[in-house]
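For reference, the structure discussed in these notes is given below.
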Amino acid sequence: MTIVAVSTVSSKTKYNSDRPEPDFIKLLKDNGFTVIPIGAKHFSNGNATDEEQIEILSGASAVIAAGERYPANIIKSLPLLRVIARSGVGYDKVDLISASEHNVAVTITPNANYEAVAEQTISLLMAVAKSTVKLDTMMRSGKWPSAILRPLRGSSLGIVGLGRIGQAVATRAHSMKMNIYATEPYPDNNFVQKLDIKLLDLDSLLAQSDFVSLNCALTQSTHGLIDKKKLALMKNDAILINTARGGLVVENDLINGLESGQIAGAGLDVLEEEPTDPNNRLFAMDNVVLSPHVAGGDILSERDMGNESAQCIIDLYNGKWPTGKVVNTDLENKWSW
C-alpha cells in the first residue's frame, strides 16, 4: 500500500467525508494510491510540533504539502518518504540538501497558480493606489470623502523577478498602459522586447519606479532583500507590493518607512511571521492593504495545484521525471522510489 498524505487545510481542498472529493484525490486513487487527508489546521499552517508531524507522516511515501516545514530532522525521521509535492511554487520551508541526502524528490506546481498571484498583485496595487479600503471605511462611517486618486496609466511598475508570475504581472500592467521595468538575472529576451520592458539593476529599478512588485523566490541571497537601505532608494510616493514571500522584506524597516513617509504605501499578501501578531503596526495604517497569504489560491489555481502535485507523484512513481517541476534536480539520475 502506497500512502499519499494530503495537507488539506491551507491548500483549501477541504476534503472530508461531507464533501465531494477533489479531482486530484480521485486521480491519485485511480492510480492505485491510498490517500490520507490531514485535517489538522495547525499542521497545514506549520504549527505542529516536530513530533506531531513525524507521527502524522510516518506511514506516507509522498505528501502534498501546504504550509508545514520540512527541516532536516523531520526528513531524516521519515524513511518511507520519497516525494514532497509542494502545492505552489515556494519551497523555502523544505531543507533541499537533506531531501537530496535522503532520496526525497521535492516538486512544485509552476503551471498552476502564477496567474492567480498576478491577479492578486494587480488587485493590491490598485487597492492602494485608488485608496479603495480607506474610502470604503470612511463611507461606512457616514462620511462622503473627496479624494484625488493615483493613476496607473503612464506610471512605472518595477518588477523584481520576471519568471512566470512576473511575466503575468507585466502582461496585465502593460494592458493598463504602465511603463515596465524589471530586474531578472535570466530574462526571456523575446518577452522583454515584446512588452518593451526596460531591464535594470535592483537599485536603479527601486529609484525609478512608482510601484514595485516583488515576484522573486525567497533564497539565502534574497532574504531581507528590501531593507531600510533599499527603501531609502525608493520615491517618497512609491508603493511596494509583495505577493511572493514575507522574508524578502525586513518588515520593521518597511513599517518605519511607511510611518515616516519614506514611501507612500504597501500592498502585502505575505508577512515575515504568518499568522502575524494581532498588534502588528501595519494594521493601524490606512496606506496599507493586507491579505492573508491567499494570492495563489483562487478556485482555478487550487484545482490546478492539486492536479499538478498529484501528477508529479504519479509520474515519479512510474519512473517518469517531471522536468521543470523537481526542485532538487541533483537527484534526477539517482533517485528511486
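The values are calculated or read from the model by the stated rules, or taken from the named source; none is laboratory data. Keep in mind the model is a prediction, meaning the values are calculated, not measured. With ideal geometry, Cβ positions are generated from the backbone for all residues, glycine too; neighbour counts draw on all protein chains shown. Ligands, DNA and RNA are stripped out before the accessible areas are found, and what is left, the full protein with its side chains, is counted by its heavy atoms. Shrake-Rupley method; radii C 1.70, N 1.55, O 1.52, S 1.80 Å.
Proximity of backbone amide H atoms, modeled 1.01 Å from N, is registered between residue 36 and 4, 5, 6 at under 5 Å, excluding neighbours fewer than 5 places apart on the same chain. Working value for the range 1-159: equivalent-ellipsoid semi-axes of 40, 19, 16 Å, each the square root of 5 times a Cα gyration tensor eigenvalue, largest first.
Take the solvent-accessible surface of the protein heavy atoms, probe 1.4 Å, and return the percent of it on the chain that carbon and sulfur atoms account for. All intermediate terms of the calculation are to be shown ahead of the outcome.
Values: 8170 of 16240 Å².
Its accessible area is 50 percent carbon and sulfur atoms.
Per residue, the convex hull around the alpha carbon atoms of the range 213-337 comes to 137 Å³.
Less than 5 angstrom separates the built amide H of residue 178 from those of 154, all sequence-distant by 5 or more or on a different chain. Taking the average, over residues, of other Cβ atoms within 10 Å as the packing measure, peptides 282-292, 240-250, 141-151 rank 240-250, 282-292, 141-151 from highest down.
Between residue 58 and residue 174, 0.36 nm times their residue separation minus their Cα-Cα distance comes to what? Present the calculation step by step, with values, prior to reporting the outcome.
Numbers: separation 116, 0.36 × 116 = 41.76 nm, distance 4.86 nm.
Between residue 58 and residue 174, full extension yields 36.9 nm more.
In whole Å and largest first, what semi-axes does the C-alpha gyration tensor of the chain yield when each eigenvalue is scaled by 5 and square-rooted? Don't jump to the answer; show the numbers that get you there.
On the way: eigenvalues 277, 98, 70 Å².
Here the semi-axes work out to 37, 22, 19 Å.
In terms of packing, defined here as the mean over residues of other Cβ atoms within 10 angstrom, the peptides 195-205, 153-163, 108-118 line up highest first as 108-118, 153-163, 195-205. With K and R counted +1 and D and E -1, the other residues having a Cβ less than 13 Å from that of residue 315 yield a net charge of +1. Among residues other than residue 52 with Cβ under 14 Å from its Cβ, the summed charge is -2 (Lys and Arg +1, Asp and Glu -1). In this structure, the amide hydrogen of residue 184, modeled 1.01 Å from its nitrogen in the peptide plane, lies closer than 5 angstrom to those of 200, counting only residues at least 5 positions away or on a different chain. Against the criterion of solvent-accessible heavy-atom surface with a 1.4 angstrom probe, 191, 24 sort, most first, into 191, 24. 3J(HN,Hα) couplings calculated from phi for the range 234-247 with the Karplus curve 6.51 cos²θ - 1.76 cosθ + 1.60 (θ = phi - 60°) are, in sequence order, 7, 5, 5, 9, 7, 10, 9, 10, 10, 10, 9, 9, x, x Hz; Gly and Pro show x.
Counting charges near residue 107 (Lys, Arg +1; Asp, Glu -1) among other residues having Cβ under 13 Å from its Cβ returns a value of +1. Coupling constants for the range 321-337 follow from the phi torsions by the Karplus curve (6.51 cos²θ - 1.76 cosθ + 1.60, θ = phi - 60°), and in residue order they are 7, x, 4, x, 10, 8, 7, 8, 5, 5, 7, 3, 9, 9, 6, 8, 8 Hz; glycine and proline get x.
Just to check I understand the Karplus step: with θ = phi - 60° and J = 6.51 cos²θ - 1.76 cosθ + 1.60, what whole-Hz values come out for the range 115-131, glycine and proline as x? Result, ordered by residue: 6, 4, 5, 4, 5, 5, 4, 5, 4, 5, 4, 5, 4, 6, 4, 9, 6 Hz.
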